[in-house]
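Report on the structure given below.
The values are calculated or read from the model by the stated rules, or taken from the named source; none is laboratory data. If you're wondering where the values come from, they're calculated on a predicted model, not measured in any experiment. Don't worry about glycine lacking a Cβ; one is built from the backbone with ideal geometry, like all the others, and counts go over all protein chains shown.
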Amino acid sequence: MGEKIMVKGTEAIGEAAIRAGCTVYFGYPITPQSELTEYMARRMPQEGRVFLQAESEVSTVNMMYGASSVGVRVMTSTSSPGFSLMQEGISYMANARLPAVFVDVVRGGPGLGDIQPSQGDYFQVVKGGGHGDYRLPVYSPSSLQEAVKLTIHAFDVADKYRTPVVIFADGMLGQMMEPVEFPDPVDLSTLPSKDDWALTGARGRKARYVTSFNIDPYELEKMNLVLQETYRKVEAEEKKWEEFMTEDAEVIIVAHGTVGRIVKSTVKMAREKGIKAGLFRPVSLYPFPYERLSELAEKVDIVMTVEMSAGQMLEDVKLAVLGKARTPFYGRLAGVIPTPAEILEALMKEIRR
Amino acid sequence: MAFVGMFGSGKTEIAMNMALKLAKEGENVALADLDYVSPYFRSRDKRGFLEEFGIKVVVPPGKYVWADTPMIPPEVFGILSNKDIKAVLDVGGEEDGIAVLGYLRTFMKNTTIYFVINTRRPFTNTVEGIVTFYEKLRNRARVDFDFLVSNTNLGPDTTEEVIKEGEEIVKKASKILEIPVAFTVVPSFLKDCDCEFDKFIIERYMELQW
């Protein structure tokens with residue numbers, strides 16, 4: 001690890017990607033993540049790597065497809081409306097089994113919405129905004145040091161399972177500043193070999209192709225089954241979460257990303273009032289850590305979900321809890337950030353019910 | 001006075017602290033939030049708090065405070081022209097943020113411009129980096145800067161060593177650029193630290209509470 005520096009979330013993710021061996025970045029500016037594109041515009045040439053501003057998010061995702069096909073580590077970043085535009089390409093990349101990292105710095109929606117932080121893209125990012133039977137591993141950091149760690153991890157997961165991976169960062173996480181330390185840059189020659197599938201030139205070997213297409217349904221089904229087998233492995237091996245004061249908790253609050261961080265304050269405030277609250281913070285949104293949350297739900301009456309959305313992760317929480325506890329919800333919409341105090345008030349109402 | 005610099009160099013915290021200091025000294029103070037490039041963490045977020053101290057906060061009208069579009073409130077010309085008002089300008093970061101000074105420059109004859117530097121930020125962590133971006137910003141602003149400000153910090157993790165290390169780098173840049181260092185910014189929790197330049201002790205108003 002090097003010395004500590006003060007960074008914005010967007011810069012933390014950009015620098016982490018460079019350290020992880022991202023050799024190509026494509027992007028198109030959109031608030032509140034344009035600083036990430038700007039950071040890469042400055043930093044990638046310094047490293048002798050490729051930065052390219054595309055003419056739209058649609059071309060960005062197709063450039064990602066091309067770059068990933070030849071075996072390099074590739075990333076883009078965008079915010080909600082831009083991520084919507086990328087969906088077709090992401091679905092193609094999923095079935096073509098192309099590793100890549102997408103960063104969605106989520107803002108208020110739907111539609112043009114606003115430029116304030118939100119988590120309203122959960123369904124789109126976690127459940128799949130594109131067509132067909134695919135999933136994407138998704139990571140939701142709640143601090144900038146964690147964003148650094150998860151960005152690097154995202155590249156490893158993408159290569160290991162040959163899949164696009166998403167960093168789900170709300171606008172607040174993108175814009176806030178914290179001191180962080182970066183690990184030393186990875187030696188590119190030590191990255192996993194992609195020689196068995198990447199388009200590296202067919203001289204001396206049989207030609208191969210990278211595609212999401214097969215006109216024969218039986219063959220296409222086989223491709224689908226490979227994907228499904230991959231997702232079962234991801235679900236078995238890649239779940240991540242954080243627990244805060246859950247050991248003796250009598251009520252559990254589930255929150256991810258920035259809200260997870262806010263709820264830590266709520267938990268402390270609740271404990272000062274004698275209420276044994278605890279936080280369960282999913283870090284991987286897919287695969288969602290159902291089993292552990294299910295275990296925790298057995299010991300409590302209330303598992304409350306808090307999101308900057310109308311209740312999207314709530315559906316995964318309910319799938320984990322399966323009626324073992326009450327599952328109330330508190331959320332703010334459109335870019336409004338809930339305060340620790342208002343979350344506590346919502347919790348108190350539920351406890352009194 | 002106007003505070004300019006790179007993204008996240010600390011312009012907003014310093015502008016707010018300066019406005020508060022002047023207001024407490026009995027001056028008639030106006031703070032203009034000219035940051036139209038950053039979507040969040042702007043001095044307008046603390047408007048109510050600043051107004052409690054009698055500071056006039058100049059921001060785009062109504063709902064446009066939430067926008068990141070290049071709107072210059074007309075009151076800016078007023079506060080810059082009125083000799084009875086101490087105007088503090090909080091300017092947006094980097095080349096795009098500073099472009100507004102070019103537009104305002106005929107009204108800024110009596111405005112002192114401070115270039116704020118945090119050497120623990122990307123791109124201004126070396127003397128060469130500071131010189132490069134100083135020139136880029138000055139060319140875009142089309143006005144000369146008067147002072148450098150040493151604002152090296154790691155937020156809550158700032159130490160006396162970090163501040164001193166920053167002063168050393170800023171001092172070298174100051175020699176090359178032939179422009180003096182006005183002061184070193186020191187967070188209140190390190191107020192007794194030993195600095196080479198004059199100390200400007202600040203509270204960190206923009207810090208997240210969670």
| message | Of everything in the stretch A:327-341, what is surrounded by 15 or more Cβ atoms within 10 Å (Cβ to Cβ) and not in a loop (DSSP other than H, G, I, E, B)? Give them in sequence order. | response | A:Phe329, A:Tyr330, A:Gly331, A:Pro340
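Which residues, taken from the stretch A:278-321, are in a strand (DSSP E or B) and either in contact with a Leu (Cβ under 7 Å, 6 or more places away or on another chain) or within 25 Å of A:Val106 (Cβ to Cβ) (or both)?
Of everything in the stretch A:278-321, those that are in a strand (DSSP E or B) and either in contact with a Leu (Cβ under 7 Å, 6 or more places away or on another chain) or within 25 Å of A:Val106 (Cβ to Cβ) (or both) turn out to be A:Leu279, A:Phe280, A:Arg281, A:Pro282, A:Ser284, A:Leu285, A:Tyr286, A:Val303, A:Met304, A:Thr305, A:Val306, A:Glu307.
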| message | When the residues of the stretch B:88-103 are narrowed to those that are surrounded by fewer than 23 Cβ atoms within 10 Å (Cβ to Cβ) and away from chain A (no Cβ under 14 Å), which ends up farthest from B:Val185 (Cα to Cα)? | response | B:Tyr103
| message | Looking only at the stretch B:27-50, how many residues end up being among the acidic types (Asp, Glu) and assigned to a helix (DSSP H, G or I)? | response | 1
| task | Out of the residues in the stretch B:151-168 that are more than 14 Å from chain A (Cβ to nearest Cβ) and buried (at least 16 other Cβ atoms within 10 Å of the Cβ), state the one that is farthest from B:Ala15 (Cα to Cα). | result | B:Lys164
| request: Please find, among B:Arg121, B:Arg142, the residue that is among the charged types (D, E, K, R) and over 20 Å from A:Glu38 (Cβ atoms). | output: B:Arg142
| Restricting the search to the stretch B:169-209, which residues are touching a Ser or Thr at 6+ places or on another chain (Cβ under 6 Å), within 14 Å of chain A (Cβ to nearest Cβ) and either in a helix (DSSP H, G or I) or among the charged types (D, E, K, R) (or both)? | B:Ile169
| Subset tally (residues that are small (Gly, Ala, Ser), more than 12 Å from chain B (Cβ to nearest Cβ) and assigned to a helix (DSSP H, G or I)) for the stretch A:1-21 | 2
| note | Note: among A:Gly331, A:Gly311, A:Gly335, just one is at pLDDT below 95, assigned by TED's automatic domain parsing to the domain that holds A:Ile275 and not acidic (Asp, Glu), namely A:Gly335
| message | Suppose the filter is surrounded by fewer than 23 Cβ atoms within 10 Å (Cβ to Cβ) and either hydroxyl-bearing (Ser, Thr, Tyr) or in contact (Cβ under 8 Å) with a residue 24 or more places away in the chain (or both); does B:Glu52 pass it? | response | no
| query | Which residue out of A:Ile302, A:Ile275 is more than 26 Å from A:Lys149 (Cα to Cα), away from chain B (no Cβ under 14 Å) and touching a Pro at 6+ places or on another chain (Cβ under 8 Å)? | reply | A:Ile302
| task | Go through B:Thr126, B:Thr106, B:Thr132, B:Thr112 for me and flag whichever is in contact (Cβ under 8 Å) with a residue 60 or more places away in the chain, surrounded by fewer than 18 Cβ atoms within 10 Å (Cβ to Cβ) and on the phi < 0 side of the Ramachandran plot. | result | B:Thr112
| field | Single residue of the stretch B:51-71 satisfying the filter (in a helix (DSSP H, G or I) and more than 14 Å from every other protein chain (Cβ to nearest Cβ)) that is farthest from the chain's Cα centre (by Cα) | value | B:Gly62
| note | For the stretch B:145-168 the number of residues that are outside any helix (DSSP H, G or I) and β-branched (Val, Ile, Thr) is 4
| Mind checking whether some residue in the stretch B:180-198 is hydroxyl-bearing (Ser, Thr, Tyr), free of Cβ contacts under 8 Å to residues at least 60 places away in the same chain and over 30 Å from B:Ile79 (Cβ atoms)? | no
| Based on what the data block shows, is A:Val165 within 14 Å of chain B (Cβ to nearest Cβ), outside any loop (DSSP other than H, G, I, E, B) and crowded, with 24+ Cβ neighbours inside 10 Å? | no
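For the stretch B:28-44, how many residues are within 14 Å of another protein chain (Cβ to nearest Cβ) and either acidic (Asp, Glu) or touching a His at 6+ places or on another chain (Cβ under 7 Å) (or both)?
Of the residues in the stretch B:28-44, 1 are within 14 Å of another protein chain (Cβ to nearest Cβ) and either acidic (Asp, Glu) or touching a His at 6+ places or on another chain (Cβ under 7 Å) (or both).
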| field | Number of the exception - B:Thr119 against (1) more than 26 Å from A:Arg107 (Cα to Cα); (2) more than 12 Å from chain A (Cβ to nearest Cβ) | value | (2)
| task | Residues being within 14 Å of chain B (Cβ to nearest Cβ) and polar (S, T, N, Q): count how many of those fall in the stretch A:41-56. | result | 1
| query | Does any residue in the stretch A:48-76 that is under 18 Å from A:Ala16 (Cα atoms) come within less than 9 Å, Cβ to Cβ, of a residue that is among the acidic types (Asp, Glu) and crowded, with 16+ Cβ neighbours inside 10 Å six or more places away or on a different chain, and which pairs are these? | reply | A:Arg73/A:Asp159; A:Thr76/A:Glu57
| message | Among the residues of the stretch A:22-40, are any in contact with a Leu (Cβ under 6 Å, 6 or more places away or on another chain) and more than 14 Å from chain B (Cβ to nearest Cβ)? | response | yes
| field | Filter result (surrounded by fewer than 21 Cβ atoms within 10 Å (Cβ to Cβ) and either within 14 Å of chain B (Cβ to nearest Cβ) or in a helix (DSSP H, G or I) (or both)) within the stretch A:245-272 | value | A:Lys264, A:Ser265, A:Lys268, A:Met269, A:Arg271, A:Glu272
| Considering B:Phe3, B:Phe7, which residue is within 14 Å of chain A (Cβ to nearest Cβ), touching a Lys or Arg at 6+ places or on another chain (Cβ under 9 Å) and aromatic (Phe, Trp, Tyr)? | B:Phe7
